[in-house]
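Novice: Below is one structure. I have some questions about it.
Throughout, read-outs are computed from the coordinates displayed, never taken from laboratory work. Worth saying up front: this structure is predicted, and the values here are computed from it rather than measured. Heads up, the Cβs are rebuilt from the backbone with ideal geometry, glycines too, and the neighbour counts pull from every protein chain shown.
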Amino acid sequence: MQAPRRAKTYEQDFLKAMRMVLSADPDSNRPKPDIVCVNELAFPASAKGPSLAVGSELGQLAEAGGQFVVAGTAHDTRSLYNTAYAFYPGCPPYGWKYHKQVSATHPEVKERVSVPGVRRTAAFAAFGIRLSILTCLDICDYSSVLPVVQNRDGIDLLLVPSYSERIDRLVTMAKVVSKGMGGLVALVNHAVPGNRGRLFRFGEGVTESGSGIISANGQVLGDVTWFNLDLAKFRQGRDDLSHDPSDELEWLFPS
C-alpha cells in the first residue's frame, strides 16, 4: 500500500483494506487467510506516533478471526525505531511490537532511524508451525539472520515486510535464508509491479495460489497475493533435506 496524501484518509483506507484481506473472497476463490503480512512502512502513523485506533481494531479482528497478522511497520517519531506490529489472539493491547535491527544509511534509502541496543529474535507458534519476523534489510544482516537459521526449535516460516526498489537483492537473500533454515521465507515488498508477494521454500520460489486487487467503490486500496501451504508436504520436504544450514550462509563472511 502506498503512502497517503492525508493521514486520516489513509488510516480509514488501510482498515478497510485489512477487513477485506482478513475475510474470504468467493469471487476470487481466496479463502480466509490464517497468516497475513503487510509491507514495511504501511502501518498508519502520524507525528504523534503509530495509530492506536488501527492497532486496537486489528487486535480485535485477529482475535475474532483466530489469525496472525503482521500489519507492516511504521517509523515511530517518539523512539525513532522502525517498528513492526503483529496481532494475534491474546496479543498485547495495540499489538506486539518488533523493531527493525538494521538502519539503512545509503543515500538512496534515506532512512535515518535508531536501532535497538539489544538484538532479539521473534518466534511464535501458530497453526502448527513456528514463525519469525525480520524487517527488510534485516534479512541481509548476518547477526539478525543466524538466530533464525539456527533456532533450536526450528523456524518454519520467516515473514519479511519490506519497502525497497532493490528487490533483486532481497530476493537473493530470501532464497539463501530459506535454504539455510530449511523452511519458508515470505518476502512482502511494497507495490513494485511484478514484485509484491514472494514466497521461497528451500531456496526455490513457490508459485502463488492467486493474486488480486483490493478495492471498494471503484477505489484501489492495495493488492494481495496469497499462497496455500500443504503442511504435510512441507514437513516431508524438510525431512528430505540433508545439509548443514551454516554452509548456506558462509559466503556472507568469507575467510
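Novice: Which residues' amide hydrogens lie under 5 Å from the amide hydrogen of HIS99, considering only partners 5 or more residues apart or on another chain, with H built in the peptide plane?
Specialist: Here ALA84 satisfy the definition.
Novice: Distance cut-off 27 Å, Cα to Cα: go down the list LYS16/LYS175; LYS32/LYS97; LYS8/LYS175 and report the pairs above it.
Specialist: On the way: LYS16/LYS175 33 Å; LYS32/LYS97 24 Å; LYS8/LYS175 38 Å.
Those over the limit are LYS16/LYS175; LYS8/LYS175.
Novice: Could you state the orientation-averaged shadow area of the convex hull built on the Cα atoms of the stretch 7-236, in nm² to one decimal? Before the final figure, lay out the partial values.
Specialist: Details: hull surface 50.0 nm².
Result: 12.5 nm².
Novice: Can you check what the net charge comes to around ALA24, using other residues whose Cβ is under 13 Å from the Cβ of ALA24 (Lys, Arg +1; Asp, Glu -1)? Spell out each step's value before the answer.
Specialist: On the way: positive: ARG19, ARG30, LYS32; negative: ASP25, ASP27, ASP34.
With Lys, Arg at +1 and Asp, Glu at -1, the net is 0.
Novice: In addition: Could you give each residue of the stretch 171-185 its phi-based ³J(HN,Hα) in whole Hz, using Karplus coefficients 6.51, -1.76, 1.60 with θ = phi - 60°, and x for Gly or Pro?
Specialist: Each residue of the stretch 171-185 in turn: 4, 4, 5, 4, 5, 4, 5, 5, 6, x, 8, x, x, 10, 10 Hz.
Novice: Let me ask something additional. Which ³J(HN,Hα) values, rounded to whole Hz and listed in residue order, are derived for the stretch 29-37 from phi using the Karplus coefficients 6.51, -1.76 and 1.60 in 6.51 cos²θ - 1.76 cosθ + 1.60 with θ = phi - 60°, glycine and proline given as x?
Specialist: 6, 8, x, 5, x, 8, 10, 10, 10
Novice: Also, quick follow-up: Quick one: which residues, 5 or more positions from LEU184 or on another chain, have an amide H under 5 Å from its amide H? H modelled 1.01 Å from N in the peptide plane, none for Pro or chain starts.
Specialist: LEU157, LEU158
Novice: For SER215, what residues show an amide H to amide H distance below 5 Å, using hydrogens built from the backbone and excluding near sequence neighbours?
Specialist: Here the answer is LEU221, since their amide H atoms fall under 5 Å of that of SER215.
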